[in-house]
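A quick write-up on the structure given underneath.
The values are calculated or read from the model by the stated rules, or taken from the named source; none is laboratory data. Predicted model only: the values in this text are computed from it and were never measured. All Cβ positions, even for glycine, are placed from backbone atoms using ideal geometry, and neighbour counts span all protein chains on display.
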Amino acid sequence: MATYIALITFTQQGAEAIEHTVDRAGAFEKLAAQHGGKVRDLYWTLGGYDGAVIFDAPDAESAAAIELSLVRKGNVRTKTLTAFDRTQMLAILGKVT
């Protein structure tokens, strides 16, 4: 499985219904599982982003479906990064010419 880090920003709609943010996070965990993924960690943050979620997905298409399903609800916008652990990075470095 591939790992992704999504940086979250609330939309106006999401901010106006902030009292439901924890429930929405639980719904996101279920959504990821429906697509064969798993949420590793989920954080609310201060600063340039309102939150971050680290999740695994079986492939890029599943990750995109998870993200698009989340964004479609209108409560957040995301910026998603593909993440590599130490072992994966060593394998990547082994391919550098």
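Before moving on, here are some points about what is shown:
- Candidates in the stretch 70-86 are the residues that are not hydrophobic (A, V, I, L, M, F, W, C) and not in a strand (DSSP E or B); of these, the one that is surrounded by the most Cβ atoms within 10 Å (Cβ to Cβ) is Asn75.
- Selection count, the stretch 74-94, where residues are in contact (Cβ under 8 Å) with a residue 24 or more places away in the chain and farther than 11 Å from Ile8 by Cα: 6
- In the stretch 39-69, the residues that are assigned to a helix (DSSP H, G or I) and charged (D, E, K, R): Glu61, Glu67
For (1) over 11 Å from the mean Cα position of the chain (by Cα); (2) within 22 Å of Asp23 (Cβ to Cβ); (3) at pLDDT below 95; (4) surrounded by 12 or more Cβ atoms within 10 Å (Cβ to Cβ), each residue gets a yes or a no:
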position	(1), (2), (3), (4)
Glu61	yes, no, no, no
Ala64	no, no, no, yes
Leu68	no, yes, no, no
Gln88	yes, no, no, yes
Ile92	yes, no, no, no
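- Filtered by the rule that a residue be closer than 24 Å to Phe84 by Cα, in contact with a strand residue (DSSP E or B) (Cβ under 8 Å, 6 or more places away or on another chain) and without any contact (Cβ under 8 Å) to a residue 40 or more places away in the chain, the stretch 1-32 gives Ala25, Glu29, Ala32.
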